Amino acid sequence: MKRFAGIIVAFLGALAISTAQAKPIEIKFSHVVAENTPKGQMALKFKELVDQRLDGKVVVKVYPNSQLFTDGKVLQAMQLGDVEMAAPSLSKFQKYTKKLQIFDLPFLFEDMEAVETFQNSPAGKELLKSLERKMLVGLGYLHNGMKQLSANQPIRTPADIAGKKYRIMTSDVLQAQFEAVHAIPLKKPFSEVFTLLQTRAIDGQENTWSNIYSKKFFEVQDYVTETNHGLLDYLVVSSAEFWYGLPQDIRNELQAALDEAIAYGNQIAAQKAKEDRQKIIDSGKSQVVEITDEERQQWVNAMRPVWKRFEKEVGADLIDAAIKSNK
Ligand code: LMR
């Protein structure tokens, strides 16, 4: 009888192990933007490629629109093992590393080509590792694009936004940038921006064409000024425990799928920067303000001193490397 019970226990044990092995690895991918954006499309492409190539061994579930976590919560949740992947904007990592603040310095990159050059340079690639001490892994950069300023009046020069309340991401560089033009910056989650604008609790915000369009900010703001004053790009991240705990072959396949999805997302980013700008103009709901070179120079003069303030935290060498990426 004892022997029989032993056989049953061994059998059930083996069954449990084989069931556990057959269970797919689940990747919850949490983000805050709409699906018709560079990040939304990249995440869906990643899911599609994983479905095709990993034969049910890995299942990706994408949660857009802050459904699972806001960016303020997602990195901590990742460290606790509650979510496996996310791609917060580079402006949202300052609690984890000061180095990525470089991407927020106003008027540092002349265009997206310069951003691409810097991110692919040895210095840029090294920055992917800047979260390792916090047990997070940078898996790749993803573009969104350059930021513009939206408002309820036509903003042309820094004097026009003095005293106005502007929503910013959780970044001290962005805070300093708005303080440099005497505006009042307020750090708020992306999920609250539309309501804050609609109720006029804030006067304006800075964002890319695709975010202004997909989240309908243009419907509650009368003007968008084309300043291209700063960058909004992303870092795709995972937790070191999850990522390095994966079997090597699966990790390689996932990294390859992600690289491809990022390349796809970058194409969408370039397209959307043009298309969504045009859609906003065509909507007739918000007017796009183009500033002159002389007006733009006023913004540069007012905001550039911010670099000096963050030079120590970011590193003068790194700033130099970024400047060299401009042609
Ligand atoms: C924002 O908070 O404005 C952006 O980070 C949203 C995003 O992820 O593009």
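The values are calculated or read from the model by the stated rules, or taken from the named source; none is laboratory data. Since we're looking at a predicted model, the values are computed, not measured. In this analysis, Cβ positions are derived from the backbone assuming ideal geometry, glycine residues included, and neighbour counts consider all displayed protein chains.
Those helices (runs of 4 or more DSSP H) of region 100-215 in which at least 1 residues are more than 15 Å from the chain's Cα centre (by Cα), among the charged types (D, E, K, R) and within 16 Å of the ligand (Cβ to nearest atom), considering only elements entirely within it, cover 172-180.
For (1) hydroxyl-bearing (S, T, Y); (2) buried (at least 19 other Cβ atoms within 10 Å of the Cβ); (3) at pLDDT 95 or above, each residue gets a yes or a no:
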residue: V115; (1), (2), (3): no, yes, yes
residue: S121; (1), (2), (3): yes, no, yes
residue: E126; (1), (2), (3): no, no, yes
residue: R156; (1), (2), (3): no, yes, yes
residue: H182; (1), (2), (3): no, no, yes
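If you scan region 62-72, which residues turn out to be in a loop (DSSP other than H, G, I, E, B) and surrounded by 15 or more Cβ atoms within 10 Å (Cβ to Cβ)?
Within region 62-72, P64, N65, S66, L68, F69, T70 meet the criteria.
Answer yes or no: is there a residue in region 48-61 that is in a loop (DSSP other than H, G, I, E, B), farther than 22 Å from D259 by Cβ, out of contact with any Gly (no Cβ under 9 Å at 6 or more places or on another chain) and of a type in the set (A, V, I, L, M, F, W, C). No, because not a single residue in region 48-61 is in a loop (DSSP other than H, G, I, E, B), farther than 22 Å from D259 by Cβ, out of contact with any Gly (no Cβ under 9 Å at 6 or more places or on another chain) and of a type in the set (A, V, I, L, M, F, W, C). Taking each residue of region 88-99 that is under 10 Å from Y234 (Cβ atoms) and touching a residue at least 12 places away in the same chain (Cβ under 8 Å) and looking for partners that are within 13 Å of the ligand (Cβ to nearest atom) and among the acidic types (D, E) with beta-carbon atoms closer than 8 Å, six or more apart or interchain, yields P88/D71; S89/D71; S89/D233; L90/D104; L90/D233; S91/D104; K92/D71. Answer yes if at least one residue in region 251-263 is of a type in the set (S, T, N, Q), within 21 Å of A43 (Cβ to Cβ) and without any contact (Cβ under 8 Å) to a residue 40 or more places away in the chain, and no otherwise. Among the residues of region 251-263, at least one is of a type in the set (S, T, N, Q), within 21 Å of A43 (Cβ to Cβ) and without any contact (Cβ under 8 Å) to a residue 40 or more places away in the chain, which makes the answer yes. G72 meets the conditions (1) in contact with a Ser or Thr (Cβ under 9 Å, 6 or more places away or on another chain); (2) more than 16 Å from the ligand (Cβ to nearest atom); (3) over 27 Å from E294 (Cβ atoms) in every case but one. The failed one is (2).
Of the helices (runs of 4 or more DSSP H) lying entirely inside region 218-327, those containing at least 1 residues that are under 30 Å from V62 (Cα atoms) and among the aliphatic types (A, V, I, L, M) span 240-245, 248-283.
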